[in-house]
Amino acid sequence: MSWLELLNNLENGTVRAATQDEQGQWHANVEVKQGILEAFKNGTNTEFPGGFVDKHNLAPQGFAADAGVRMVPGGSSVRRGAYVASGTIIMPPAYVNIGAYIDEGTMVDSHALVGSCAQVGKNVHLSAAVQLGGVLEPIGANPVVIEDDAFIGAGCVLVEGVVVKKGAVLAPGVRLSATIPVYDCVNERMLDKGEPIPENAIVIPGSRPSSSAWGREQGLSMSCALIVKYRDEQSDASLALEEVLR
């Protein structure tokens, strides 16, 4: 498949930068990422209306009304090679990078970033200033994945292939990476490194004592995340207001 065919297939959703196996594990599609890098190599810097410069073959997408995507004016951009499904709302300013996949009914709020190859499921809410890190290299690295019905609170930052499972809720300000520990206070365990945020988990920012004796003597602490409960009818009701905005 040529890089041009790949970009077209990414935009219509028939090809994705990551796929889920029968056991629910996510894996990077190496051929797709290689094709995206090939598109960059074959592009030349070009001036576009509005005063910006990018590769000639990676210009921002436009959406017709019948696509069912509502992209509110004010500085948002969806780059070539990204898929945005019907029913998605993009509030300004927001940016969706190449290789990203956003499924039906998702809200991308102001100042949000959906990085390269990030995968976002159905009916997800990405609140204001959410950052989903992108990844093109190393070629085999997994992207950030947000599964269906998750709610990502304002100012959350997710990088380094973090996976958030269905229905999980991240409170404002949660930071997740491959090295930030997550403590499940309900089941009294620490998640294994690289283990996804479980389905329906409610996660808040936390801290823990410094790992060094000197740091503890200075009263220093380190960032972590805490699972404090799992979703129930009450927590679902608190998220229902989002539907009014649609």
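The values are calculated or read from the model by the stated rules, or taken from the named source; none is laboratory data. The shown structure was predicted, so the numbers you read here are calculated from the model rather than taken from an experiment. Every residue, glycine as well, gets a Cβ built from its backbone with ideal geometry; the counts of neighbours run over all protein chains shown. The area values use the complete protein model at the heavy-atom level, side chains included, leaving out ligands, DNA and RNA. Shrake-Rupley method; radii C 1.70, N 1.55, O 1.52, S 1.80 Å.
Side notes on the structure shown:
- Couplings 3J(HN,Hα) of the stretch 57-71, computed from phi: 9, 10, 5, x, 7, x, 10, 7, 4, 6, 6, x, 9, 9, 10 Hz, in residue order, whole Hz [Karplus 6.51 cos²θ - 1.76 cosθ + 1.60, θ = phi - 60°; x for Gly and Pro].
- Taking the 1.4 Å solvent-accessible surface of the chain as the whole, the part contributed by carbon and sulfur is 52%.
- Ordered from largest to smallest accessible area (heavy atoms of protein chains, 1.4 Å probe), the residues Glu188, Glu199 come out as Glu188, Glu199.
- Loop sites in the stretch 160-216: trypsin sites (Lys or Arg not before Pro), DSSP, at most 11 other Cβ within 10 Å: Lys193
- Angle in degrees between helix 30-42 and the longest Cα principal axis of the chain, rounded to the nearest 10: 50 degrees
- Contact order normalised by residue count of the stretch 3-244, Cα under 8 Å, 6+ apart, percent: 11 percent
- The chain: antiparallel DSSP beta bridges as a percent of all, rounded to 5: 35 percent
- Basic side chains Lys and Arg get +1 at the Cβ, acidic Asp and Glu get -1 at the Cβ, and with that the dipole of the chain about its Cα centre reaches some 580 debye.
- Largest mean-square fluctuation among Tyr95, Tyr230, Tyr83, in a Gaussian network model of the chain whose springs join Cα atoms under 10 Å apart, belongs to Tyr230.
- The residues Thr14, Thr106, Thr46, Thr19, sorted by heavy-atom accessible surface at 1.4 Å with ligands and nucleic acids left out, run Thr14, Thr19, Thr46, Thr106 from largest to smallest.
- In this calculation the C-beta distance from Met222 to Thr19 is compared with R0 = 41 Å, giving a FRET efficiency of 0.75.
- Proximal lysines relative to Lys122, as straight alpha-carbon distance under 28 Å, when same-chain residues fewer than 8 apart are discounted: Lys33, Lys165, Lys166, Lys193, Lys229
- DSSP-loop trypsin sites (Lys or Arg not before Pro) across the stretch 1-56, with at most 12 other Cβ within 10 angstrom: none
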